[in-house]
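Report on the structure given below.
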């Protein structure tokens with residue numbers, strides 16, 4: 001098998017090898033006695049784009065989280081709140097939920113934790129007293145200022161595996177997908 005494998009896949013990418021091996025494995029399986037006689041298309045979860053995007057998103061999130069978890073003791077929802085409030089100087093919890101696509105309960109818990117740590121403060125919205133504006137405190141602003149360059153460096157390290165054309169194509173593909181899904 002090893003010599004055959006080397007002959008078949010010499011110089012091939014890991015992705016093409018994975019697809020070829022899985023396709024061959026599935027096509028060579030005998031039908032099971034309980035299998036229907038009609039052939040339905042097989043769904044290989046590891047090749048299913050929504051699954052791959054979700055797995056990639058989690059992997060990227062975990063990769064970046066190492067920076068803000070270890071050094072600043074932030075969880076993912078707290079990081080997202082700080083990263084959303086930071087450049088705007090103030091915003092609402094609803095804006096954070098809409099921007100990050102986190103459930104409002106997660107946003108609310110993250111805000112409460114950040115308020116306890118004196119990193120975020122709530123103030124009344126001048127236009128609508130029922131709505132609270134969120135701002136980074138002095139300590140929150142200092143953390144944001146220190147954290148952003150570290151997060152951006154982590155992003156650069158992650159994307160270094162792509163050349164310039166691949167990165168441009170990747171961003172274009174993300175833009176199209178986000179637009180298609182109404183997230184742009």
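From 110, 151, which residue is touching a residue at least 60 places away in the same chain (Cβ under 8 Å), under 16 Å from residue 85 (Cβ atoms) and within 22 Å of the chain's Cα centre (by Cα)? It would help to see each step written out before you state the result.
Values: 110 fails: touching a residue at least 60 places away in the same chain (Cβ under 8 Å).
Selected residue: 151, the only one of 110, 151 that is touching a residue at least 60 places away in the same chain (Cβ under 8 Å), under 16 Å from residue 85 (Cβ atoms) and within 22 Å of the chain's Cα centre (by Cα).
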statement: Being surrounded by 11 or more Cβ atoms within 10 Å (Cβ to Cβ), touching a strand residue (DSSP E or B) at 6+ places or on another chain (Cβ under 6 Å) and at pLDDT 90 or above narrows 114, 44 down to just 114
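Which residue, of 107, 85, is modelled with pLDDT of 95 or more, in contact with a strand residue (DSSP E or B) (Cβ under 7 Å, 6 or more places away or on another chain) and surrounded by 15 or more Cβ atoms within 10 Å (Cβ to Cβ)? Outline the logic, then answer.
Numbers: 107 fails: in contact with a strand residue (DSSP E or B) (Cβ under 7 Å, 6 or more places away or on another chain).
Exactly one of 107, 85 is modelled with pLDDT of 95 or more, in contact with a strand residue (DSSP E or B) (Cβ under 7 Å, 6 or more places away or on another chain) and surrounded by 15 or more Cβ atoms within 10 Å (Cβ to Cβ), namely 85.
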task: Considering every residue within region 126-134, establish whether at least one is in a strand (DSSP E or B), closer than 21 Å to residue 74 by Cβ and at pLDDT 95 or above.
output: yes
message: Cβ-Cβ distance below 7 Å, separation of 6 or more or different chains: which pairs start in region 79-95 with a residue that is at negative phi and touching a residue at least 24 places away in the same chain (Cβ under 8 Å) and end on one that is in a helix (DSSP H, G or I) and loosely packed, with under 14 Cβ neighbours inside 10 Å?
response: 93/104
field: The one condition in (1) without any contact (Cβ under 8 Å) to a residue 60 or more places away in the chain; (2) in a helix (DSSP H, G or I); (3) farther than 26 Å from residue 182 by Cα that residue 55 fails to fulfil
entry: (3)
Residues (farther than 28 Å from residue 72 by Cβ and exposed (fewer than 12 other Cβ atoms within 10 Å of the Cβ)) located in region 135-174: 163, 164, 165, 166, 168, 172, 173
- prompt: Is there a residue in region 5-17 that is more than 30 Å from residue 96 (Cα to Cα), in contact with a helix residue (DSSP H, G or I) (Cβ under 7 Å, 6 or more places away or on another chain) and either part of a loop (DSSP other than H, G, I, E, B) or modelled with pLDDT of 60 or more (or both)?
  reply: no
field: Near pairs, Cβ below 6 angstrom, 6+ apart or cross-chain, from region 113-134 (at positive phi) to any residue that is modelled with pLDDT under 95 and outside any loop (DSSP other than H, G, I, E, B)
entry: none
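The values are calculated or read from the model by the stated rules, or taken from the named source; none is laboratory data. Small disclaimer: the values here were computed from a predicted structure and weren't measured. Don't worry about glycine lacking a Cβ; one is built from the backbone with ideal geometry, like all the others, and counts go over all protein chains shown.
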